[in-house]
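Below: one structure, written as structure tokens.
Read-outs: derived from the displayed coordinates by stated rules, not from any lab. As the structure is a prediction and not an experimental result, all values here were calculated from the model. Cβ atoms come from the backbone with ideal geometry, glycine included; neighbour counts cover every protein chain shown.
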Amino acid sequence: MQFAKRMEQFGEGIFSSLLAMKKRRLAEGKPVVDLSVGTPNIPPAPHIIEALVEAAKDEKNYIYAIQDLSELRLAAAQWYERRYQVSLDPETEILALLGSQDGLAHIALSILDEGDLMLVPDPCYPVFADGPKLAGAELYYMPQRKENGYIIDLSQIPEDVARRAKFMLISYPNNPTTVLAPDSFYRDVIAFAKKYDIMVLHDNAYSELVFDGASCGSFLQYPGAKDVGVEFNSLSKTYGMAGARVGFCLGNREMVKNLGLLKSNIDYGIFLPIQKAAIAALTGDQSYVETNRAAYERRRDLLCDGLTSIGWRVERCPATMFVWADVPEKFKSSMEFVEALCERAGVIVTPGSAFGPSGEGHVRMALVQDEDQIQSAVQAIRESGILL
Ligand SMILES: Cc1ncc(COP(=O)(O)O)c(C=O)c1O
């Protein structure tokens, strides 16, 4: 069998390798605390589950959805108005996605031809680069360096690269580095995109997981944003609905239309009961959002403060459901440390190198376990002596 050449760019995903490590340890009867994959373990609010169950009981809801319910787009528009003071036309400036992941892979295919140049952050959430790779595009990595607060430095992008670039992806609060971007960054991105005629996508998956009393807005709040780009937002983390697969592409109507056209040839829309659950999430009681945020903040404090108290200085992350930590000095690479941490302490984390070249020297820990498990992880790391 001769498979497509494009598949040669994809090795076994890091999470499959980490899962194999975890299984080996469990088979030996040893305990494991898994802080690798960012899958939320906090269930959605009861009214969301009830809306899903009620809609699932209705036989009429098993047809192909084909399109978004108008009520869903309207609910998303009202959400953006209420939360970010951004006005959007539900029919032309909003498209529902089967999670941002669906959108991230497909928007690249809808914009980029083979050989086109795409600007992606480094380190980044893997599909940011995988979508353009599927499209046969060339990638230019924009480093997010510690010395620059992990914010992309647009002035470092060479003139010829900027001129050739067709599409640019940015995302703050950032996975994996956890930082928020200042207002000036978004203004600079819009000016840069206008100057060089570049389309922009801002992925805002963690807008509601911001800690220490801070908050963040939307890319679409900044003047001119809709002229150059779109934002993705998702119900996965904000409403604990990761498995339900609902997100949105919002903003520039040509980009929304183009992505919708591609998707209409690929999928048949979101299962209607899930659309109804999403409407319930967006229009119902919002107290869950704060309760959920506070739960992640407590987990962050326990993990960061706990690790720092046992000799691994890990700063409290400002946002997201992740902690981005420096690899202790005696380890040569993030993967070497990840393997040792699993072997000696049974704690599974993701090597920074999995997120791109600038991720080396770090590990990412996902706050996806309850507080007692996080405490067990800290204790196991201390008892293993790995930090000595
Ligand atoms: C930055 C970022 N974008 C998008 C996603 C995918 O979200 P969704 O569940 O909406 O596909 C994730 C998931 O971890 C993420 O970290």
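Could you work out the relative contact order of region 86-236? I mean the mean sequence separation of Cα pairs under 8 Å and 6+ apart, divided by the number of residues, in percent.
Rounded, it is 21 percent for region 86-236.
Using only the Cα atoms of region 281-388, build the gyration tensor, take square roots of its eigenvalues as a ≥ b ≥ c, and label the shape rounded, prolate or oblate: rounded if a/c is under 1.5, else prolate if a/b is larger than b/c, else oblate.
Taking the square roots of the gyration eigenvalues as a ≥ b ≥ c, region 281-388 is prolate.
What's the longest bit of the chain with no exposed GluC sites (Glu not before Pro), using DSSP loop states and at most 11 other Cβ atoms within 10 Å as the test?
Formally, the longest exposed-site-free interval is 115-328.
About its Cα centre, how strong a charge dipole does the chain have in debye, to the nearest 20, once Lys and Arg get +1 and Asp and Glu get -1 at the Cβ?
So the magnitude is around 440 debye.
Of Pro90, Gln2, Leu169, which is farthest towards the positive pole of the chain's charge dipole, taken about the Cα centre with +1 and -1 on the beta-carbons of Lys, Arg and Asp, Glu respectively?
Gln2
About the Cα centre of region 108-202, what is the dipole size in debye to 20, counting +1 per Lys and Arg Cβ and -1 per Asp and Glu Cβ, all else neutral?
Numbers: 9 positive and 13 negative charges, 40 e Å.
For this selection, approximately 200 debye.
Is the shape of region 33-181 best called rounded, prolate or oblate, per the rule: a/c under 1.5 gives rounded, else a/b larger than b/c gives prolate, else oblate, with a ≥ b ≥ c the square roots of the Cα gyration tensor eigenvalues?
Note, shape of region 33-181 comes out prolate.
Assuming a ≥ b ≥ c are the square roots of the Cα gyration tensor eigenvalues, decide whether region 46-283 counts as rounded (a/c under 1.5), prolate (otherwise, with a/b larger than b/c) or oblate. Spell out each step's value before the answer.
On the way: a/c = 1.96, a/b = 1.52, b/c = 1.28.
The shape class here is prolate.
Using the structure shown, list the pairs from Lys146/Lys330; Lys133/Lys263; Lys30/Lys237; Lys237/Lys330 with a Cα-Cα distance above 24 Å, or answer none.
On the way: Lys146/Lys330 20 Å; Lys133/Lys263 18 Å; Lys30/Lys237 30 Å; Lys237/Lys330 35 Å.
As for pairs spanning more than 24 Å Cα to Cα, those are Lys30/Lys237; Lys237/Lys330.
Label-point separation (nm) for Glu71 and Ala191, each offset 7 Å from Cα along Cα-to-Cβ?
If labels sit at Glu71 and Ala191, their model points lie 4.6 nm apart.
How high is the relative contact order of the chain, given as a whole-number percent (alpha carbon pairs under 8 Å, six or more residues apart)?
Relative CO of the chain lands at 24 percent.
Not counting the cut sites, what is the longest span of the chain without chymotrypsin sites (Phe, Trp or Tyr not before Pro) that DSSP labels loop and that have at most 11 other Cβ atoms within 10 Å?
Longest stretch, sites excluded: 65-388.
List the lysines whose Cα sits under 23 Å from the Cα of Lys195, skipping any in the same chain fewer than 8 residues away.
Result set, ordered by chain and number: Lys166, Lys226.
For region 83-188, state which trypsin sites (Lys or Arg not before Pro) are in a DSSP loop and have at most 15 other beta carbons lying within 10 Å of their beta carbon.
Passing both the DSSP loop test and the Cβ count: Arg145.
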